[in-house]
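Participant: Let me give you the structure first, and then I'll get to my questions.
The values are calculated or read from the model by the stated rules, or taken from the named source; none is laboratory data. Model, not experiment: these values are computed from the prediction. Please note: Cβ atoms are built from the backbone with ideal geometry, for glycine as well, and neighbour counts cover all protein chains shown. What goes into the accessible areas is simple: the full protein's heavy atoms, side chains included, and nothing from ligands, DNA or RNA. Shrake-Rupley method; radii C 1.70, N 1.55, O 1.52, S 1.80 Å.
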Number of protein chains: 6
Amino acid sequence: MKIRVIVPTTEDDHVTWEQEKFQEICRSDTQISTVGLQCAPDTVENDFDIALSLPSIIDNVKKAQAEGMDAVIIDCMSDLGVNECRQFADIPVMGPAEASMHYASLLSHSFAIVGVIAKDRVFYTRLARRFELVDRCVSLPVADVPIMEILESDDCTKLVNLCYEASIKAIEEDGAAAIVLGFAGMPDAVSSLQGRLKDSGYDIPVIDPTYATLKMAECLVDLDLVHYY
Amino acid sequence: MKIRVIVPTTEDDHVTWEQEKFQEICRSDTQISTVGLQCAPDTVENDFDIALSLPSIIDNVKKAQAEGMDAVIIDCMSDLGVNECRQFADIPVMGPAEASMHYASLLSHSFAIVGVIAKDRVFYTRLARRFELVDRCVSLPVADVPIMEILESDDCTKLVNLCYEASIKAIEEDGAAAIVLGFAGMPDAVSSLQGRLKDSGYDIPVIDPTYATLKMAECLVDLDLVHYY
Amino acid sequence: MKIRVIVPTTEDDHVTWEQEKFQEICRSDTQISTVGLQCAPDTVENDFDIALSLPSIIDNVKKAQAEGMDAVIIDCMSDLGVNECRQFADIPVMGPAEASMHYASLLSHSFAIVGVIAKDRVFYTRLARRFELVDRCVSLPVADVPIMEILESDDCTKLVNLCYEASIKAIEEDGAAAIVLGFAGMPDAVSSLQGRLKDSGYDIPVIDPTYATLKMAECLVDLDLVHYY
Amino acid sequence: MKIRVIVPTTEDDHVTWEQEKFQEICRSDTQISTVGLQCAPDTVENDFDIALSLPSIIDNVKKAQAEGMDAVIIDCMSDLGVNECRQFADIPVMGPAEASMHYASLLSHSFAIVGVIAKDRVFYTRLARRFELVDRCVSLPVADVPIMEILESDDCTKLVNLCYEASIKAIEEDGAAAIVLGFAGMPDAVSSLQGRLKDSGYDIPVIDPTYATLKMAECLVDLDLVHYY
Amino acid sequence: MKIRVIVPTTEDDHVTWEQEKFQEICRSDTQISTVGLQCAPDTVENDFDIALSLPSIIDNVKKAQAEGMDAVIIDCMSDLGVNECRQFADIPVMGPAEASMHYASLLSHSFAIVGVIAKDRVFYTRLARRFELVDRCVSLPVADVPIMEILESDDCTKLVNLCYEASIKAIEEDGAAAIVLGFAGMPDAVSSLQGRLKDSGYDIPVIDPTYATLKMAECLVDLDLVHYY
Amino acid sequence: MKIRVIVPTTEDDHVTWEQEKFQEICRSDTQISTVGLQCAPDTVENDFDIALSLPSIIDNVKKAQAEGMDAVIIDCMSDLGVNECRQFADIPVMGPAEASMHYASLLSHSFAIVGVIAKDRVFYTRLARRFELVDRCVSLPVADVPIMEILESDDCTKLVNLCYEASIKAIEEDGAAAIVLGFAGMPDAVSSLQGRLKDSGYDIPVIDPTYATLKMAECLVDLDLVHYY
C-alpha cells in the first residue's frame, strides 16, 4: 500500500521530520512518501494563507494519483483542499480534522478539541458543522501554545502542561470524554498527556489527528472504498 | 457607497454583462465596479476548478480594500473565498449562497434551492450545513438546465419551464415556501417564474442570489457592520 | 419608499423619540412614519401584556397597508404580531428579533443576545428556536439593566458598563463572536459598547435590533420580496 | 379536580357540544366546565383571526384561576395564548398541539400530523420547532377536509376516508409511526381511523389532541406540577 | 386500572417500600402491584449489571401482560428493557427517564437532570439523544450523593443539600428551568428541594421520575393508547 | 493482533462460515477467532430476542478480554451489547451499525441504510439518533429480502436485485450518496451491487457493515485507543 502525505510547507526539514514520524507508525506493508509544496506562504496562520497554497496542493494530489498512490493525506488541521481534491481523485483523500472528529465520536459520547490559539475556535466550529458532528463537540478549549517556541525546543513539558489544563477544563466543565489535539506529530506529548489525565482520574482517549488520519486511510484502501463527492 | 463585484471569469464580455445587471438594480447612490480574474479555469464546473482561482480572488479583494471600496461581492454561488477573505478584510465580503439562504429563511418557514446540475445537491447541502440553515432547506430539486445553451440564446423560456417544474415538485412534495435560484443575473427569468408559480396558486418569494447579495451588502455598509472571522 | 413603524406604546413622547431616531438612520429616499397604539398596557413586562396589544397592532398594520406603505416594522423585541400580520399583509412585516438574529448569523459563527432581565432568556430561547437559529445563539447573558432609570437619565454610561460586562462573559466563556442588544434606539450606547469591546481585543459586530430591522425592510422593498406565510 | 376548558368561539351550541365530549372522557372525580368567548371572530381561519381573541382568552384564564380551577385548557390546535397565560397563571395552562406532540413522541419514533388544509403545514412546522420536536414530526400530510360540511352532517365516513389516505401516505412514504389528528372531539372518527389503519397492517396510535390534553392536565394536577415561564 | 411495577432488585424490603410509595400516589381506582426480580446483580452500578437483568425483566413483563395488567412500569432510571418489551407487549410499557424528560420539556424551555454520580452524565446524554430531547436538556449537574448512606438513614437533609447546590448551578450557569431528579421515591426530599429553590427565587418544577411515570401510565390507559415499536 | 468475533447464534455452521469470511479480509498479521453463543433464541427477529442473548454476550466479551484479545466485535447489526460491554472492557468493543454509519458519514454527505424488513426503519432510526448521525442518514429504504431463502441458496442475484432497486430509490428520491447494507458477509453481493449502481451512473460507496467494523477494530488497536464509557 502506497500513501502520499502532502505537508503544506516549503521547508524541507519539516517534510523530512514528518516522513520519519509517519514511517514509525504506518503498517509494515505501507509505503509512506511525504512531499512539501514548491510554493507556500511563509507562515500558515489563517485560512487566507492556506488558500494561497490550494493550487499547489491540487497539483500534488493529481501527481500522487498519476504516480499510482493508493491514498493521499493532506496533513493540515484545516482539511485544506480535501473536498476540492475529492472531486477529481478516484483514490481516498483524507484530512486530519474529519478523521479525528469521527474517531472521537466513535470513542466517546462527547469530545473536545484543544486548540492552539483563540481563533481556532471559529475554525473548528465551522469544520464540526460541515461534518455534522457539532453536537458531539462539546468544548473548544484553547491551550495558548507558543507553538514555534515548542517546536524549536526538544522539550514538550510546557506543551503537555498547557494541554493538560485545557483538557481538564473541557472534561470537568463541559463533560468532554475524549480529547482531539489541535496539533500533531508529537507522540511523546500525546502519551504524556494521556498519562497525566489518567493519573487525575480521567482515563479517556487522546487523539493525535494525523496518526488517526493515516490509520483511516489504510482502512479505506483495505476496504477498497473511495469518497463520493 | 462603492461596491466591488468580483466575477470569477476571464471573459470580458461576461464581466461587462454583470456590470450592467448590477448597475440596473443598485441604489442610486451606489457605485458598482465589476472585475474579472486575470487567470481562471476555462470552465468552473466544480470546487476543484474554483480552488484554482482562489489566489486571484484574494488578490482582488485586497485590491478592492486598498482602493477604498465599502464592500466586496464575490459573485459565485459557491461562496468561493468568502471565509478566507473575511480574515484579512475590514470591509464586508459577501457571497450569494449565504445571503440568499438567509433571505429565504427570513421570508419562509422552509425553502428550496433549484440546482442546475445533479452535483449541486452535494454542494448546497455542504453550504447549508456550514450556515446552520440545513433544517430550513427542505428541498434541492435539480432543473437540469443546459446553462450554456440558454446563456447563448436570448430566450429564457426553456430555463423558466425547467425551473417551474423543479419548483412545483419542491413545493408540493417537500413543502418548500420560497425558492432560491441556483443561477443569477436573469431578472426576466425570475419574474416570469414567480408569475407562473403565482398562477398555479403558489404566491411565494423567488430569490435571485446575486441581487439579494448586493442588497445585503448595501445594508451592511449602511449599518457600518463588518463580519467577524 | 414609505415605511411605517408601529411602536407598542400609548405614550406620544416615546413615539416622537422613535420617529427621530429612525429618521436619522433611514435612507434619504425613505419616508418614516411612526405610530403608537390607542390602547396598550401601561408597561410591557411580559408576553401577557403584549398579547393585550395584538388587536391594536393588527389594526395598525391593516391601516398601514391601506395607506400605501411599502413595509411595516413592529418595533418590539418580541416580534409581537409579526407572524399574525404576515398572513393578511402583502407588504413586508418585520420584527427586530428575527432581523437581528439573521444579521448576527451572517456576521459571525456564534452570537449572544444581551438581555435586560433574567426572564429574557426564556423569551429569546423560544424566538431562536422558532427561527431555527438556536444553535448559532451560544449565549444569553443578562445585563440586569434598570431600563427605566436609564431611559430617564441622559447618561448611558451605566448601561454600557452593564452590557460590556455581559458581553465579555459571553465572548470569553461561551465563544460569542457577535452581540445582539436586547434594547434599541440608543446609537451612542452601541458605538460606545463596540469601542470598549474593541479596546479589550474583541473587534466584533454589535447589532442594534431596530436599526437592523429598518435596513432589512428597505432591502426587501428594493428586492420586491414579500414574506410567505 | 376542577378543569376549565376555554373554547375560542362565540357559539353556545359549540360550547355545549364540547362540554358533553369532555364530560364523557374525564375521570369520575374531575369536574369539567366549558366556556366560550364573549367576542371572537366569526371564523378562525388563521393566526390573525386567532390573535383578535387573545385578550378575551387571557381574561378567561384569569377568571378560571380566580374561581379556583385546578387547570385550564385552551382548546385550539394553535396553542393560542398558552405561553402568554403561563406567565401569570399559577395553575397548569395546556394546549392540544404541545400535549399531543409530546404523546406522539413518547409513543413512537416518528409521527405525522394530519392537517385539515394546506396552510396547516406552515403552522405545525412552527409549533414543532417551538417545542423542539421537529425532528420527530416526519410528515405533515393534508387531508383537505371540508370541515364545515362534515361538522354539519352526522356522518364522519368522508372525514375518515380522507384522513385514512393522508395517514397511509405519511406511514408508507415518510415512515410515520403515530398519527396526531389536526381536529378534535370526534371519538368515533378516531376509533374508525385507527381500525382501518390496523386492518391495513398498521397498528399504530392515533391521537385526538384535545382528549390527550385533558389527560395531561389531570396528570399535572395529580403531580402538583406547574409550568415555568 | 391495574398497573404492575417491576423493581429491578432481589431485595424484598425494597420491593415492599416501593409498593407503599406507589400506593400513596396512585389514583383511587388504580391497583398497584410491585414485583422484584428472582435473579439480579447485587448492585446495579452500570449498564453492564443492568443487562444481566434483562431476561428476567422481559419475563416479568410477559407475566404482567398474561395476568391482565393494563400497563407496566420498569422502575429503573436507565429505562432498562423498555424498548425491548414494547416489541411484544400490547399494553403500555413505561420507563422513568423517557416519561420525566417529556414532562420536563412540557413544563419548561430547558431542563437539568441532577445525577447521583459522575458517570450518570454519559448515561443521561445517551438517553436524551435517543428521545431527541437533548437540546432541551441543558445541564447535567452531579450531586455526588452517597446514595446507600442516605437510604439507610431516615434523614434526607444531606440529599436535599447536595441536590440544592447542583440545581442552583444548573439554573444560574446553564439556564435550566426545571429539575429532573436522578433518583426516585422520596417525596419529602422532592418537596423540600422545591421549597428551598423557591425560597432562593427559583419557583420551578422539580420532577420525581417514577411518580411522573405512574401518572403517564395512568394517562395512556385512560386514552387507550399503546406504544408502536 | 488478535480479534475475537462474537456471532449471536447457536448454530456452529453459521459461526464457521463467519470465521472463513473474516479470515479472508483481515490483515495478514491479524488472528481472527469466531465464537457463537451457548444459548440464544432460535431466531433473532427483534430487540426482544436479542435482549435474551445479552448475558451470554457479556460473558463472551469478558472471556475474550481474559484470553488476551486485542479487540472484540459483536457481529450483530443492532450493536447489541456494545455499550454495556464497553463499561467493563479495557479493549475496543465494536459493533457494525456504529462503525458503518461513521464510514458512510466520512465517505459522503448523505447516506442510506438498506433494510431487510420494514421494522428495520425503527431500529436504524434509533441507532442513528444514538450516534447523532441521524441528519446524515437521509433514507431508510427496505429491500424486503427473504433472507432465509437467500442464505439457503447459493445465488445472490435476487438479493442484489432487491437491494439495487432500494438503493436507486434512496439515491434518486432522497439524495443518498453512500449505501450501508443491512446485512453482511456477502462480498460477492456487495461488489455486484456496487457494479450495477456504477453502470446506472451512480459510482458511490457501498459499505458491508461487518467488514468495515473489522477494519475499524484493527485501526483502534494500531492507534492504541480504547472507548470511554
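Participant: Shielding of C:200-213 by partners, i.e. mean partner chain Cβ atoms within 10 Å per residue? Write down the numbers at each step before the final one.
Facilitator: Values: counts 0, 1, 1, 3, 4, 7, 1, 2, 2, 0, 0, 4, 5, 0.
Shielding by partners across C:200-213 averages 2.
Participant: Related question: List the residue from chain C whose beta-carbon is nearest to the axis that rotates chain C onto chain E, together with that distance in whole Å.
Facilitator: Value returned for chain C: C:D135, 5.
Participant: Now for a separate question. Please compute the average number of Cβ atoms from other chains found within 10 Å of each residue's Cβ in peptide A:107-118. List each step's numbers first, then the result.
Facilitator: Details: counts 8, 4, 14, 5, 1, 0, 0, 0, 0, 0, 0, 3.
Per residue, the average neighbour count from other chains is 3.
Participant: Please calculate the 1.4 Å probe accessible area of E:W17, with all protein chains present, and give it to the nearest 10 Å².
Facilitator: Estimated to the nearest 10 Å², E:W17 gives 80 Å².
Participant: Another question, then. What fraction, in whole percent, of alpha-carbon pairs in region E:74-229 exceed 28 Å separation?
Facilitator: Numbers: 2245 of 12090 pairs.
Cα-Cα pairs of region E:74-229 separated by over 28 Å account for 19 percent.
Participant: With a sphere of radius 14 Å drawn around the Cβ of A:L162, what net charge do the other residues whose Cβ falls strictly inside it have (Lys, Arg +1; Asp, Glu -1)? Mind showing how you got there, number by number?
Facilitator: Working: positive: A:K158, A:K169, A:R196; negative: A:D120, A:D144, A:E149, A:D155, A:E165.
Spelling it out: positives minus negatives among the neighbours equals -2.
Participant: Just name one of D:W17, D:L37, D:M77: the one whose Cα is farthest towards the positive end of the charge dipole of region D:1-125 (beta-carbon charges, Lys/Arg +1, Asp/Glu -1).
Facilitator: D:M77
Participant: Please give the calculated 222 nm ellipticity per residue for chain B, where each DSSP H segment of at least 4 residues contributes -39500 (n - 2.57) and the sum is spread over every residue; nearest 500 deg cm²/dmol?
Facilitator: Values: 9 runs with 114 residues, N = 229.
Value at 222 nm, helices only, nearest 500: -15500 deg cm²/dmol.
Participant: While we're here: Enumerate the calculated ³J(HN,Hα) couplings along region D:58-64 in order (Karplus 6.51 cos²θ - 1.76 cosθ + 1.60, θ = phi - 60°), each rounded to whole Hz, writing x wherever the residue is Gly or Pro.
Facilitator: 4, 4, 5, 5, 4, 5, 4
Participant: A further question on this structure: Using the heavy atoms of the protein chains and a 1.4 angstrom probe, tell me the accessible area per residue for region B:78-229 in square angstrom.
Facilitator: 31 Å²
Participant: Roughly how tilted is helix C:96-107, in degrees to the nearest 10 and between 0 and 90, from the longest Cα axis of chain C?
Facilitator: The helix C:96-107 is inclined about 50 degrees to chain C.
Participant: Using a Gaussian network model of chain B with C-alpha springs under 10 Å, which one of B:D154, B:D90, B:D59 is most mobile by mean-square fluctuation?
Facilitator: Answer for the Gaussian network model of chain B: B:D154.
Participant: In square angstrom and rounded to 100, what buried accessible area do you get between chains F and A, total over both, with the probe at 1.4 Å?
Facilitator: 2900 Å²
Participant: Further, regarding this structure: Based on Cα coordinates alone, diagonalise the gyration tensor for region B:106-180, multiply each eigenvalue by 5, take square roots, and list the semi-axes in whole Å, largest first.
Facilitator: Whole-Å semi-axes of the equivalent ellipsoid: 23, 14, 10.
Participant: Using only the alpha-carbon atoms, how far is helix C:157-174 inclined from the longest principal axis of chain C? Give it as 0 to 90 degrees, nearest 10.
Facilitator: Once rounded, one gets 70 degrees.
Participant: Continuing with this model, one more query. For an R0 of 41 angstrom, estimate the FRET efficiency from the Cβ-Cβ distance between A:K158 and F:A118 and round to the nearest 0.05.
Facilitator: The formula returns an efficiency of 0.10 here.
Participant: Tell me, what ³J(HN,Hα) does each residue in region D:21-37 have, in order and in whole Hz, if you take phi through Karplus 6.51 cos²θ - 1.76 cosθ + 1.60 with θ = phi - 60° and put x for Gly and Pro?
Facilitator: 4, 5, 4, 4, 10, 6, 5, 5, 9, 9, 9, 9, 10, 10, 10, x, 9
Participant: Rounded to the nearest 10 degrees, what's the angle between the helix B:187-199 long axis and the longest principal axis of chain B, both from Cα atoms, 0 to 90?
Facilitator: 30 degrees
Participant: Moving on to the next point. Report the calculated FRET efficiency for F:K63 and B:Q31 (r = Cβ-Cβ distance, R0 = 56 Å), to the nearest 0.05.
Facilitator: Here the calculated transfer efficiency is 0.10.
Participant: Moving on. So what is the diffusion coefficient of region A:109-149 in µm² per second by Stokes-Einstein at 25 °C and 0.890 mPa s, using a Kirkwood Rh over Cα pairs?
Facilitator: 232 µm²/s
Participant: Counting Lys and Arg as +1 and Asp and Glu as -1, each charge on the Cβ, what is the dipole of region E:3-162 about the Cα centre in debye, to the nearest 20?
Facilitator: With only Lys, Arg, Asp and Glu charged at Cβ, the dipole is about 740 debye.
Participant: Pick from F:A66, F:A104, F:A51: which is most flexible by mean-square fluctuation in a GNM of chain F where alpha carbon atoms under 10 Å apart are linked?
Facilitator: Among F:A66, F:A104, F:A51, the largest mean-square fluctuation in the Gaussian network model of chain F belongs to F:A66.
Participant: Considering only protein heavy atoms and a 1.4 Å probe, what is the carbon-and-sulfur percentage of the accessible area of chain A?
Facilitator: Percent of accessible area from carbon and sulfur atoms in chain A: 46.
Participant: Mind pulling the per residue volume of the convex hull built on the Cα atoms of the protein assembly as shown? Å³ is fine. Numbers along the way, then the final one.
Facilitator: Details: hull volume 236.3 nm³, N = 1374.
Enclosed volume per residue, from the Cα hull, is 172 Å³.
Participant: Looking only at other chains, what is the average number of their beta-carbon atoms within 10 angstrom of each beta-carbon in A:136-147?
Facilitator: 1
Participant: Sticking with this structure for a sec: Where does the longest stretch of chain A lie that holds no GluC sites (Glu not before Pro) found in a DSSP loop with 16 or fewer other Cβ atoms within 10 Å?
Facilitator: On the way: sites that count: A:E11, A:E45, A:E67.
Here the longest segment lacking exposed loop sites spans A:68-229.
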